[in-house]
Amino acid sequence: MRPSGRKLDEMRAVSIETGFTKHAEGSALIKMGDTHVLCTATIEDRVPPFIKGSGLGWVTAEYGMLPRATNTRMRREAALGKQGGRTVEIQRLIGRALRAGVDRSALGERQITVDCDVLQADGGTRCASITGGWIALRLAVNKLMKAGDVVSDPLVDPVAAVSCGIYAGQPLLDLDYPEDSEAGVDGNFIMTGSGKLIEIQMSAEGSTYTRDQMNQLMDLAEKGVGELAAIQKSVTA
C-alpha cells in the first residue's frame, strides 16, 4: 500500500489554472497533489548572441523555490549571491525539454522564457514545472499566432514529465515526497504527447534495478505522460 493510498499506477490529482497572472503572455498554476508550481512565459524580440542572425528562435527556462515551499524555510538564493547547483541543473533540464517540442525555425528570431516558481513542494517539482511550463508556452504562442506574428504553429508536440520509482519493491507512478525520499530507485521521465522520449533521469539509491523493472517504470511513465498530455490539450484548446 502506498502512503497516500493510491493505486500503483495512479497519478496524484492534477489541476491547472490558466491565465493565473495578469502580465505574462502565458501563465498557468499547476497542482500535482501537494506540489504547486506557477509557470509563466515571456516573449522577447531578441535571441541569445550565439544564434543571432540565424533565423532561429529560442526557448529557455528559469526555476526557483519560495523559501517556505518546503517544511522548513530555505534561504533565498538571491540572498546567498548565487544559484545552487540543483537549481541550475533543473532549469537547464526544463529548457531543453521544452525545446524538444518546438520548431525553432517556425518560431522565428525571438526568445520565450518560461519561469517556473515552486510555491509548494511535495515531490516531482521539475516534472510539474515541465508540464506546466509547456502550457504557459502554448498560451504564449497562441498569442503570437493570433497576432499573425508567426505563420505556422512552432509547437510540434506537447511535452510533459512524470516521476516513477520503486518503493517497497513495487513500481510506482508519480512519486510524492514520502515515496521519493524512501524509494530504492527513482527517475524522471520526459516525453512528448506522441510518446517519444526526450530524457530519462534515473538512478538507484541504496538498491539496484533490473531491465524488467525499468521497462515497468517506462510503461508507467508512458501512461502518466499520456494522461498529462490530455490535460494539457484540454486546458489550451
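The values are calculated or read from the model by the stated rules, or taken from the named source; none is laboratory data. Just so we're clear, the structure is a prediction, and the values are computed from it rather than from any experiment. Every residue, glycine as well, gets a Cβ built from its backbone with ideal geometry; the counts of neighbours run over all protein chains shown. In case anyone asks, the SASA skips ligands and DNA or RNA and just uses the protein heavy atoms, side chains included. Shrake-Rupley method; radii C 1.70, N 1.55, O 1.52, S 1.80 Å.
A few notes on this one:
- Relative contact order of the stretch 81-159, pairs being alpha-carbon contacts under 8 Å that are 6 or more residues apart, as %: 45
- At q = 0.10, 0.17, 0.18 Å⁻¹ the log10 of I(q)/I(0) for the stretch 136-237 amounts to -0.36, -0.76, -0.82, computed by Debye summation with a single uniform scatterer per C-alpha, solvent ignored.
- Rounded FRET efficiency, nearest 0.05, which uses the C-beta distance separating Ser194 from Asp45 and R0 of 35 Å: 0.70
- Carbon + sulfur, % of accessible area of the stretch 14-145 - ligands and nucleic acids excluded, 1.4 Å: 48
- Seen from every direction in turn and averaged, the convex hull around the alpha carbons of the chain projects onto 13.5 nm².
- Per residue, the accessible area of the chain comes to 48 Å², computed with a 1.4 Å probe over protein heavy atoms only.
- Prolate/oblate/rounded label for the stretch 1-46 (Cα gyration tensor, a/c 1.5): prolate
- Computed over the stretch 1-160: relative contact order in percent, which uses C-alpha pairs under 8 Å that are six or more apart: 31
- For the stretch 55-132, the spread of Cα coordinates along the three principal axes comes to 45, 26, 16 Å, biggest extent given first.
- DSSP bridge pairs, the stretch 1-111: antiparallel proportion in percent, nearest 5: 95
- 5 angstrom amide H check on Met11, placed H, neighbours 5+ away: none
- Spatial offset of the stretch 145-209 relative to the stretch 1-54 amounts to 13 Å, using the alpha carbon center of each.
- Scaling the Cα radius of gyration of the stretch 1-110 by the globular reference 2.2 N^0.38 Å produces a ratio of 1.33.
- The calculated FRET efficiency for the pair Thr70 and Gln201, based on their C-beta separation and a Förster distance of 22 Å, comes to about 0.60.
- Cα-based helix-to-principal-axis angle, 85-99 vs the chain, degrees rounded to 10: 60
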